[in-house]
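A quick write-up on the structure given underneath.
The values are calculated or read from the model by the stated rules, or taken from the named source; none is laboratory data. Computed from a predicted model, the values in this text were never measured in an experiment. Methodologically, a virtual Cβ is constructed for each residue, glycine included, from the backbone with ideal geometry; neighbour enumeration extends over all protein chains shown. Accessible surface areas use protein heavy atoms only, side chains included; no ligands, DNA or RNA. Shrake-Rupley method; radii C 1.70, N 1.55, O 1.52, S 1.80 Å.
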Amino acid sequence: MSETRINDRIRVPQVRLVGPNGEQVGIVKIEEALRLAGEVDLDLVEVAPMANPPVCKLMDFGKFKYEADIKARESRKNQVNTVIKEIKLRPKIDPHDYGTKKGHVERFLNAGDKVKVTIMFRGREQSRPELGYRLLQRLAEDVADIGFVESAPKQDGRNMIMVLGPTKKKAEAKAQQRRNRDEATSATETHAAQAPQATEAAAPVDQATPAGS
């Protein structure tokens, strides 16, 4: 934005002029373009300096910069950084540990994060890479509804690595989490509001004691 040339800083003999509402004025001398800008109290802004001749538009440059800054801030705010989580497994992992590790993978994928799964081989296990490969295949199949294999299993020294990607984008995952929290809060508030009514409805009604009893 700081390099955008406006008004007297535009030093070319002629420009292709665009009006304030996007209408094509045509190719005019720079003096004529500046005169037209002054008549409507707008700036002459070079929007396509590499064109031949350069394209300039009549606009309020201050307002244009302000709106561009707002859009840039919104874009940065909505930008989501990709996070890669890591889970390490052993080739002969027991069922309970596998279930725990798989739960972590599911949680990461549901949050929109990628997961790097590393199988660590030790000693004689290094001669049985098929054990690690089968374990990674099993994990990929178990989480296939929420993740996909982004990088197939490959040997890396004494380890075997696979990367899983989430089927749900990070922004979508965050939006879903917000909706779930809002729904949970709403349900809690509704329950709290109904609780006194239920108590009152369940309270026994005092009956008058018959006379002479």
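Among the candidates GLN176, GLN137, which residue alone is at pLDDT below 90, at negative phi and surrounded by 12 or more Cβ atoms within 10 Å (Cβ to Cβ)? Step through it out loud before you land on a result.
Working: GLN137 fails: at pLDDT below 90.
Exactly one of GLN176, GLN137 is at pLDDT below 90, at negative phi and surrounded by 12 or more Cβ atoms within 10 Å (Cβ to Cβ), namely GLN176.
Give the number of residues within region 23-39 that are outside any helix (DSSP H, G or I) and free of Cβ contacts under 8 Å to residues at least 24 places away in the same chain. Spell out the reasoning first.
Of the residues in region 23-39, the ones outside any helix (DSSP H, G or I) are 23-29.
Those still in the list that are free of Cβ contacts under 8 Å to residues at least 24 places away in the same chain too: 23-26, 28-29.
Summing the residues that are outside any helix (DSSP H, G or I) and free of Cβ contacts under 8 Å to residues at least 24 places away in the same chain in region 23-39 gives 6.
Take the conditions under 24 Å from ARG181 (Cα atoms) and either surrounded by 12 or more Cβ atoms within 10 Å (Cβ to Cβ) or more than 23 Å from the chain's Cα centre (by Cα) (or both) and apply them to LEU109. Does it pass?
Details: under 24 Å from ARG181 (Cα atoms): yes; either surrounded by 12 or more Cβ atoms within 10 Å (Cβ to Cβ) or more than 23 Å from the chain's Cα centre (by Cα) (or both): yes.
So LEU109 passes the test.
Restricted to region 71-91, and to residues that are more than 15 Å from VAL163 (Cα to Cα) and modelled with pLDDT of 90 or more, which residue is surrounded by the most Cβ atoms within 10 Å (Cβ to Cβ)?
Of all residues in region 71-91, those more than 15 Å from VAL163 (Cα to Cα) come to 71-81, 90-91.
From what's left, modelled with pLDDT of 90 or more: 90-91.
Values: ARG90: 17, PRO91: 19.
This residue is PRO91.
Which of the residues belonging to region 97-106 are open to solvent by less than 50 Å² (accessible area, probe 1.4 Å) and either of a type in the set (A, V, I, L, M) or more than 19 Å from VAL83 (Cβ to Cβ) (or both)? Steps first, please.
First, the residues of region 97-106 that are open to solvent by less than 50 Å² (accessible area, probe 1.4 Å): 98-99, 103, 105.
Selection gives TYR98, GLY99, VAL105.
Test LYS65 against the criterion of being open to solvent by 70 Å² or more (accessible area, probe 1.4 Å), touching a residue at least 24 places away in the same chain (Cβ under 8 Å), in a strand (DSSP E or B) and basic (Lys, Arg), and give yes or no.
For LYS65, the condition - open to solvent by 70 Å² or more (accessible area, probe 1.4 Å), touching a residue at least 24 places away in the same chain (Cβ under 8 Å), in a strand (DSSP E or B) and basic (Lys, Arg) - is not met.
Filter region 128-161 down to the residues that are aliphatic (A, V, I, L, M) and either in contact (Cβ under 8 Å) with a residue 40 or more places away in the chain or within 18 Å of GLU86 (Cβ to Cβ) (or both) and list them by number.
So in region 128-161, the residues aliphatic (A, V, I, L, M) come out as 131, 135-136, 139-140, 143-144, 146, 149, 152, 160-161.
Once the filter is applied, which keeps residues that are aliphatic (A, V, I, L, M) and either in contact (Cβ under 8 Å) with a residue 40 or more places away in the chain or within 18 Å of GLU86 (Cβ to Cβ) (or both), region 128-161 yields LEU131, LEU135, LEU136, LEU139, ALA140, VAL143, ILE146, VAL149, ALA152, MET160, ILE161.
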